[in-house]
Amino acid sequence: MSAHRLILNAVEKPWGCTGLSPQYGADPDRRVGEIWFTGPDNVPQPLLVKYLFTSERLSVQVHPDDGQARATGLAGGKSECWYVLDTQGDARLGIGLRHAVDADALRAAALDGSIEDLMDWKPVRPGDFYYIPAGTIHAIGGGITLVEVQQNNDVTYRLYDYGRPRELHLDAGMAVSRPEPYDRPVQHVAVDGSTILVDEAGAPFLLESRVCPAGEAIMFDTGLCWFIPFSGHGTIDGTAWQAGECWLIQDRATLMVDADMHAFLARPTD
């Protein structure tokens, strides 16, 4: 079969939430921070799709790009993007710094905690979208539910963790950080039309927001594609799909839309 409904995997995190919807298959008493969608071991999966649920701020962190990661013996780097689904209270994303600093000042701020104030904490609302290229210093605030599409490489360098007893990676993090403001404007995803969200030189994936009315069909005819539906339902090659799932399409497949759909389509560029 060329289309695979990916498996939900609940991941506990100290900043996660309890009482998640049963659709995520997680114990409501567990402090779940992430839901990962994974597929068969024999299918290449260069991208990873996650739902994130935050009750507290995540660590301030950074990821290397492919070249930096491979130079240290790792499989690859990690660029990612965030699509905000829901917010509570004063929900903010920390993306980049309020002003540029040198490496020594960044290290000092990470050690004494002033990096919290150095971060550019942007207020967010449902529908906001940010592409976070490798090297961007970032953190996700509390009270946010979002979908993350990322390169499928487990390489995160923590710069600061609010006193939590977890390892920091200052040397590695300083080597790959761009300690400067984030210069991309927020994109707000409208659900009344399709649009390309990530398609730029050097990006490791392409991402499209696709809107289709009931009765339409989408033909997949080449390469890997992640289908991430937020609304609607239908079939893929005769098998039912619904909102909240994630599918990996390997090659040719026909997706039928039986109820108005909004979904992301993600494709690796390599």
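The values are calculated or read from the model by the stated rules, or taken from the named source; none is laboratory data. All of these numbers come straight from a predicted model, not from anything done at the bench. Glycine gets a Cβ as well: all are built from the backbone with ideal geometry, and neighbour counts include every protein chain shown.
Against the conditions (1) under 18 Å from residue 77 (Cβ atoms); (2) assigned to a strand (DSSP E or B), residue 175 satisfies every one except (2).
The residue that is nearest to residue 185 (Cα to Cα), counting only those in the stretch 90-124 that are touching a residue at least 60 places away in the same chain (Cβ under 8 Å) and of a type in the set (Lys, Arg), is 122.
Just to be sure I understand, how many residues within the stretch 1-12 are without any contact (Cβ under 8 Å) to a residue 24 or more places away in the chain and buried (at least 18 other Cβ atoms within 10 Å of the Cβ)? Talk me through it step by step, then tell me what you get.
Residues of the stretch 1-12 that are without any contact (Cβ under 8 Å) to a residue 24 or more places away in the chain, as a first pass: 12.
If we keep only those that are buried (at least 18 other Cβ atoms within 10 Å of the Cβ) too, we end up with none.
The total comes to 0.
Output the residue which, of all residues in the stretch 182-191 that are surrounded by 13 or more Cβ atoms within 10 Å (Cβ to Cβ) and not aromatic (Phe, Trp, Tyr), is nearest to residue 115 (Cα to Cα).
Kept after step one, since they are surrounded by 13 or more Cβ atoms within 10 Å (Cβ to Cβ), are these residues of the stretch 182-191: 182, 184, 186-187, 189, 191.
Imposing the further condition that a residue be not aromatic (Phe, Trp, Tyr) reduces the set to 184, 186-187, 189, 191.
Working: 184: 21, 186: 22, 187: 26, 189: 30, 191: 36 Å.
Looking at the filtered set, the residue picked out is 184.
Taken over the stretch 119-138, residues that are in a loop (DSSP other than H, G, I, E, B) and among the charged types (D, E, K, R) amount to 1.
Sort out which residues of the stretch 237-248 are surrounded by fewer than 22 Cβ atoms within 10 Å (Cβ to Cβ) and part of a strand (DSSP E or B), and write them in order of number.
239, 240, 242
Close contacts from the stretch 23-38, counting a first residue that is farther than 25 Å from residue 249 by Cα and a second that is among the acidic types (Asp, Glu) and not in a loop (DSSP other than H, G, I, E, B), with Cβ to Cβ under 7 Å and a gap of 6+ residues or different chains, come to 30/12; 31/12; 32/12; 33/12. The numbered conditions (1) at negative phi; (2) assigned by TED's automatic domain parsing to the domain that holds residue 110 are all true for residue 212 except (2). The residues of the stretch 37-80 that are of a type in the set (A, V, I, L, M, F, W, C), under 22 Å from residue 269 (Cβ atoms) and either assigned to a helix (DSSP H, G or I) or at pLDDT 95 or above (or both), listed by number, are 37, 47, 48, 49, 62, 69, 71, 74, 75. Within the stretch 196-209, is even one residue under 21 Å from residue 8 (Cβ atoms), among the small types (Gly, Ala, Ser), in a strand (DSSP E or B) and not assigned by TED's automatic domain parsing to the domain that holds residue 72? No - not one qualifying residue is present in the stretch 196-209.
Number of residues in the stretch 81-118 that are among the hydrophobic types (A, V, I, L, M, F, W, C) and either assigned to a loop (DSSP other than H, G, I, E, B) or closer than 25 Å to residue 147 by Cα (or both) equals 10. Considering 145, 156, the condition of being in contact with a Cys (Cβ under 9 Å, 6 or more places away or on another chain), of a type in the set (Ser, Thr, Tyr) and in the same structural domain as residue 81 (by TED's automatic domain parsing) is satisfied by 145 alone.
Whether any residue in the stretch 33-50 is within 22 Å of residue 81 (Cα to Cα) and surrounded by fewer than 16 Cβ atoms within 10 Å (Cβ to Cβ) is what I want to check. First the steps, then the outcome.
Just the residues of the stretch 33-50 that are within 22 Å of residue 81 (Cα to Cα), to begin with: 33-39, 44-50.
Cutting the leftovers down to surrounded by fewer than 16 Cβ atoms within 10 Å (Cβ to Cβ) gives us 44.
Scanning the stretch 33-50, I find at least one residue that is within 22 Å of residue 81 (Cα to Cα) and surrounded by fewer than 16 Cβ atoms within 10 Å (Cβ to Cβ), so the answer is yes.
In the stretch 155-172, what residues are among the hydrophobic types (A, V, I, L, M, F, W, C), part of a loop (DSSP other than H, G, I, E, B) and over 19 Å from the mean Cα position of the chain (by Cα)? Matches in the stretch 155-172: 168 only.
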